[in-house]
Every structure is written in C-alpha cells, then in structure tokens.
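Notes to accompany the following structure.
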Amino acid sequence: MTSVPMPMPMPIPIPSRTQYVLDAIKHRILTGQLTPGQALVETELAAQFGVSKTPVREALKTLAGTGLVVMSQYKGVTVRMVDADMAREVYDVRLLLEPEALRRAVWRGASLDSARDALTRADDATDAAERSLANREFHRALYVPCGNPLLGRMLDEVRDQAALVAAVAWAAQPSWEREAAEHREILRLAVEGDADAAARALHAHIASFVQRSFPESPQQEGQE
C-alpha cells in the first residue's frame, strides 16, 4: 500500500508573524508580565517568539504608536512608564467621551450582551490577567454600539493606555471587587434604559478610580 504524502504546512505570512508578535507583546504588557520601564530587546523577543527581528521591529513600532512602549535613540525600546500625569491625561479623555458614548448606546436601544458576557468572564477569572482583559472588554462593549464609529475609534486609541494604567494601579492596590460592583450597577442602569443615570455612574466610576489610584497632592488641588 502506497502511503499518501502529507501536505507541507504553508509558511506563516510576514504580516501574520508581525500581528502574532504584536498581540503577544501587548498581552504581556497589559497583564503585567512586562512592566513599565522594562527594556524590550529585539533579539531576545525574536528568539522567544521564534521569528526574525523584522516582525518584532514592526510590532514595536506599532506599539509605540499606541503609546504602550517608548522608542529612544539612547535607551532603545522600553515599556511606557505610568505616572500620575500620564494617567490623568488618558482618563480625562475617557471622562469626556466614554459616558457620552454609553448614553448614546442606551438611547439607541443597543444590545449590551457583550458587556454582560465580559462581566461574567471577570467574575470567573482565575487570575489578575484574565480579570484585566475582561475589564477592558466590558468598557469597550459599552461604547462600541454608540452609533458613531469615529467616537468608538477615538476611545479605542486610548484603550491600551487606559488598560496599562489600570494594570499598574491594580498591582499596587487591588480594587477589582469595587470596580466589579460598579460595573454591575452601570450595566443595570443601562439595561433598564436610564441613559443619563448610566452615564453618570460610568463617569463616577472612571473618575473615582484615577483619583483613588493617583491622588492629587494638596498643592496640586490648590492650583486648580
């Protein structure tokens, strides 16, 4: 009996390799496996992922564009540091846009099943990494159905930076039980169709998190 030769596996296209490396590095950053200020060396990452330096270099360039890493002529590539100024800038954008996006989603009667699913995943999470990713998906599920694709894209642009801020804050002061309770209340109001109350609850949720995690000094408060 003649054996049938097995087909040779197709090589992974270069763009797919870049996307694979991009997703893997982003996941490590947002789950705390790579920490702010940590150096990202192309040769080391290429060896870890079994690829050449080219997809690693392209992935790092993309991550620099999203604000997750910093490229320096002298220091090379490092995970972006998170300080109070950076956190407040990112969360200020969220405070301006995210409650309004939720308000519009509720006005439209959009389905929030994805947000409910994300809540369930967060409750069932076995570690901080899973919980962080579920938290990220919950917030996106609230603003994506707002009916304005540009508004959704604007929030997507700060989404990774917001997740980095949250990861750093949770590492220093775990508070996800409080956030989970606030998420359930936000979703309850949204599902009940109370757009303004849901938007107010979301605004308070975002504002209290950044104020609690990166409190202003009395001197800063006096300057405002």
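Quick note: the coordinates plus some simple rules give every number you see, no bench work behind them. What you see is a predicted model, and the numbers here were worked out from it, not measured in a lab. Cβ: placed from backbone, ideal geometry, glycine included. Neighbour counts: every protein chain shown.
Only helical DSSP H runs with n ≥ 4 go in: add -39500 (n - 2.57) per run for the chain, normalise by residue count and round the 222 nm mean residue ellipticity to 500 deg cm²/dmol.
-23000 deg cm²/dmol
Going by average Cβ density within 10 Å per residue, which order do the peptides 42-55, 196-209 take, highest to lowest?
196-209, 42-55
Beta carbons within 10 angstrom, averaged per residue: use that to sort the peptides 130-137, 169-176, 34-41, highest first.
My ranking of the peptides, most packed first, is 130-137, 34-41, 169-176.
Over 10 Å intervals from 0, what percent of Cα-Cα pairs in the chain sits in each interval?
Result, from short to long distances: 7, 29, 31, 21, 8, 3, 1, 0, 0 percent.
Can you sort ASP160, ASP23 so the residue with the fewest Cβ neighbours within 10 Å comes first?
With the sparsest Cβ surroundings first, the list reads ASP23, ASP160.
Based on C-alpha coordinates, I'd like the Rg and Dmax of region 84-214, in Å.
According to the Cα coordinates of region 84-214, Rg and Dmax are 13.5, 38 Å.
For VAL191 and THR54 in one chain, what is 0.36 nm times their gap in residues minus the Cα-Cα distance, to one decimal in nm?
Values: separation 137, 0.36 × 137 = 49.32 nm, distance 4.65 nm.
Stretched out fully, the VAL191 to THR54 stretch lengthens by 44.7 nm.
Note down the magnitude of the dipole of the chain about its Cα centre, charges +1 on Lys and Arg C-beta and -1 on Asp and Glu C-beta and zero elsewhere, to the nearest 20 debye. Intermediate results must be reported in sequence, preceding the final value.
Numbers: 25 positive and 30 negative charges, 140 e Å.
My answer is approximately 680 debye.
If only Cα atoms are counted, what is the Rg of region 57-108, and what is its Dmax, in Å?
That works out to 15.7, 50 Å for Rg and Dmax.
Charges on Cβ only, +1 for Lys and Arg, -1 for Asp and Glu, centred on the Cα centroid of the chain; of ALA167, ALA115, LEU68, which one is farthest towards the dipole's positive end?
The residue sitting farthest along the positive end of the dipole is LEU68.
If you consider only alpha-carbon coordinates, what radius of gyration and Dmax does region 19-67 have, in Å?
9.9, 25
Quick check for me: using +1 on Lys/Arg Cβ and -1 on Asp/Glu Cβ, what's the dipole size of region 49-107 about its Cα centre, in debye to the nearest 20?
Charge dipole, region 49-107, about its Cα centre: 280 debye, nearest 20.
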